[in-house]
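Written out below as structure tokens is the structure these notes cover.
The values are calculated or read from the model by the stated rules, or taken from the named source; none is laboratory data. Since this is a predicted model, take the numbers as computed values, not measurements. When we count neighbours, we look across all protein chains shown, and the Cβ atoms used for this are built from the backbone with ideal geometry, even at glycine. Ligands, DNA and RNA are excluded from the accessible area calculation, which covers all protein heavy atoms including side chains. Shrake-Rupley method; radii C 1.70, N 1.55, O 1.52, S 1.80 Å.
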Amino acid sequence: LAKTTQPISMDSYEGQEVNITCSHNNIATNDYITWYQQFPSQGPRFIIQGYKTKVTNEVASLFIPADRKSSTLSLPRVSLSDTAVYYCLVGDWGSGNTGKLIFGQGTTLQVKP
Amino acid sequence: SAVISQKPSRDICQRGTSLTIQCQVDSQVTMMFWYRQQPGQSLTLIATANQGSEATYESGFVIDKFPISRPNLTFSTLTVSNMSPEDSSIYLCSVLNPLTSTDTQYFGPGTRLTVL
């Protein structure tokens with residue numbers, strides 16, 4: 001399973017776009033990149049998953065360059081409620097694989113008014 | 001997405017006792033996992049709960065301390081045995097169904113355990 005590196009913390013203000021970059025230099029060919037959000041006293045919540053290029057959903061966008069050695073989670077116009085810990089994970093969870101998730105320390109995003 | 005419930009949501013226990021945590025999913029899933037999150041820390045995988053067979057434990061976790069059952073495709077239990085204050089953590093179950101298009105893993109709300 002590829003190791004990931006993220007900034008420990010980030011600060012932002014309401015209404016700004018936030019970009020959190022994750023490094024995963026040893027990503028394997030079959031690995032997907034997945035981001036989770038965790039609020040205090042809650043289980044992690046799935047945000048977005050991608051393999052290459054760009055993925056967008058109603059919550060965020062995920063940018064993955066051609067070499068796939070990094071990825072950037074983009075949160076448009078954050079609000080105070082986006083204050084949370086964001087985890088980047090890399091792995092191959094397709095059928096027949098172990099499905100294990102190895103969590104790094106995550107990025108604590110603090111959104112200020 | 002799968003809806004996951006855990007019981008109890010929290011508990012305060014005395015050292016030396018044991019607590020069994022239940023994880024119930026609203027649909028059949030192929031894989032279930034148990035994680036521990038110590039205060040202020042990230043999540044650590046304890047084991048993979050295998051349906052109808054013994055769980056697969058990660059390094060540093062043993063069956064005698066964390067016995068796990070998974071009698072069917074929607075239910076699993078984790079027991080924290082002979083507890084000590086160091087076992088105070090949030091325990092989370094998660095599920096994965098590789099049959100879905102995104103192979104997404106979903107987490108339960110967690111069980112907050114305090115050992116006195």
**Q.** Residue, least open to solvent (accessible area, probe 1.4 Å), within segment A:30-43, restricted to residues that are in a loop (DSSP other than H, G, I, E, B) and modelled with pLDDT of 90 or more
**A.** A:43
Q) Can you name the number of the only condition in (1) open to solvent by less than 70 Å² (accessible area, probe 1.4 Å); (2) over 19 Å from residue B:10 (Cα atoms); (3) in a loop (DSSP other than H, G, I, E, B) that residue B:109 fails? A) (2)
**Q.** Test set (1) in contact with a Leu (Cβ under 9 Å, 6 or more places away or on another chain); (2) facing another protein chain (nearest Cβ under 9 Å); (3) free of Cβ contacts under 8 Å to residues at least 40 places away in the same chain; (4) in a loop (DSSP other than H, G, I, E, B) - residue A:59 fails condition number
**A.** (2)
Q) Within the bounds of segment A:93-110, is there any residue that is in a loop (DSSP other than H, G, I, E, B), open to solvent by 40 Å² or more (accessible area, probe 1.4 Å), in contact with a Phe, Trp or Tyr (Cβ under 9 Å, 6 or more places away or on another chain) and under 26 Å from residue B:59 (Cβ atoms)? A) yes
Q | Residues within segment A:10-56 that are without any contact (Cβ under 8 Å) to a residue 60 or more places away in the chain and at positive phi, tallied | A | 2
Q | segment B:34-59 residues that are closer than 19 Å to residue A:108 by Cβ, paired with ones that are among the β-branched types (Val, Ile, Thr) (beta carbon under 6 Å, 6 or more apart) | A | B:37/B:90
Q) Any idea which residue in segment B:65-106 is surrounded by the fewest Cβ atoms within 10 Å (Cβ to Cβ), counting only those that are modelled with pLDDT under 95 and β-branched (Val, Ile, Thr)? A) B:100
Q. Pick from A:82, A:67: which is over 20 Å from residue B:93 (Cα atoms) and either within 13 Å of chain B (Cβ to nearest Cβ) or surrounded by fewer than 17 Cβ atoms within 10 Å (Cβ to Cβ) (or both)?
A. A:67
Q: Quick one: residue A:27 ticks every box in (1) touching a Lys or Arg at 6+ places or on another chain (Cβ under 8 Å); (2) surrounded by fewer than 18 Cβ atoms within 10 Å (Cβ to Cβ) except a single one, so which number is it?
A: (2)
Q. For the subset of segment B:1-21 comprising residues that are of a type in the set (Ser, Thr, Tyr) and under 20 Å from residue A:39 (Cβ atoms), which member is least open to solvent (accessible area, probe 1.4 Å)?
A. B:5
Q: Kindly provide the set of residues from segment B:22-64 that are surrounded by 16 or more Cβ atoms within 10 Å (Cβ to Cβ), assigned to a loop (DSSP other than H, G, I, E, B) and aliphatic (A, V, I, L, M), ordered by number.
A: B:29, B:55
